[in-house]
Amino acid sequence: MGLANGTHHEVSVAASSQPTACDDDSAANKTHSHTGCLNCIACVAPPLVPMVQAFSAQVPTMPMYGPHETLPEVVLDIVGSTERLLSVGDEEWRKLLDQHDEIARSAVEKYKGRIVKNTGDGLLVIFDGPVRSLMCAQELIAALKAIGLPIRAGVHIGEVVNRGGDITGIAVNIASRVMDIAAEGEVLVTRTLKDLTGGSEMQFESAGTHTLKGLSDPYDLYRPLTL
């Protein structure tokens, strides 16, 4: 396959599969056209670029989490939101919610979480670790109280199923039911999540045993103490 004047490569099946600098790109030979060459980066890479770009454009973006993940879920709720809306009016309530959303976004980002859903007067957030989820919940309670928005939070850890940008699963329901029991300004967590914080400086006190709505088994709940 070589040219008569020897200015092109002879390609062998046994040749290295890794492209190298072209032999004909040496200082002694600057006339190599690279036409049909399969041995050098200059010859092999350029034709592949449009092919790779076309292929990449068809590959969907991977989600942040897999289809099934065991993650801490935090459900937060503005306490007395309807009464507050009626007392301040639509425009002032919109401004408060804008502040709520910005504070929540900043705190969740700080603790490496992801806001899955904003219900208008509440949030569903997931994290990659139980301690981070609790620290974020505590920080949000203090920060939102400062602007006159009291909240409460329920935290659990369990398997969730990703559905696009949303998540489902019994674990999400448990976190929501735990939040229903929490008082204003309170974070409540399940024993499952508490037991996974071992080794951290997080401490807890018992909040009693409760039957959660729609669930048959009683749950031991705990209140994290402020760090």
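The values are calculated or read from the model by the stated rules, or taken from the named source; none is laboratory data. Keep in mind the model is a prediction, meaning the values are calculated, not measured. All Cβ positions, glycine included, derive from the backbone under ideal geometry; neighbour counts span all protein chains shown.
Quick notes
- Qualifying residue in region 107-121 (condition: among the charged types (D, E, K, R), touching a Gly at 6+ places or on another chain (Cβ under 9 Å) and in a helix (DSSP H, G or I)): no
- Tallying residues that are of a type outside the set (S, T, N, Q) and under 24 Å from the mean Cα position of the chain (by Cα) within region 200-227 yields 2.
- Search result, residues across region 172-196 that are small (Gly, Ala, Ser), more than 14 Å from Lys117 (Cβ to Cβ) and either outside the structural domain of Arg114 (by TED's automatic domain parsing) or surrounded by fewer than 22 Cβ atoms within 10 Å (Cβ to Cβ) (or both): Ala183, Gly185
- Residues (crowded, with 19+ Cβ neighbours inside 10 Å and in a loop (DSSP other than H, G, I, E, B)) located in region 122-132: Phe127
- Per the listing Val108, Val131, the residue uniquely farther than 19 Å from Glu184 by Cβ and without any contact (Cβ under 8 Å) to a residue 60 or more places away in the chain is Val108.
- Restricted to region 147-169, and to residues there that are β-branched (Val, Ile, Thr) and closer than 25 Å to Thr190 by Cα, the residue that is surrounded by the most Cβ atoms within 10 Å (Cβ to Cβ) is Val155.
- In region 209-227, the residues that are within 21 Å of Gly185 (Cα to Cα) form Cβ pairs under 7 Å with partners that are small (Gly, Ala, Ser) and surrounded by 10 or more Cβ atoms within 10 Å (Cβ to Cβ), at six or more places apart or across chains, as follows: Leu221/Ala207; Leu221/Gly208; Tyr222/Ser206; Tyr222/Ala207; Arg223/Ala207.
- Note on region 196-217: residues that are modelled with pLDDT of 95 or more and farther than 21 Å from Glu139 by Cβ amount to 4.
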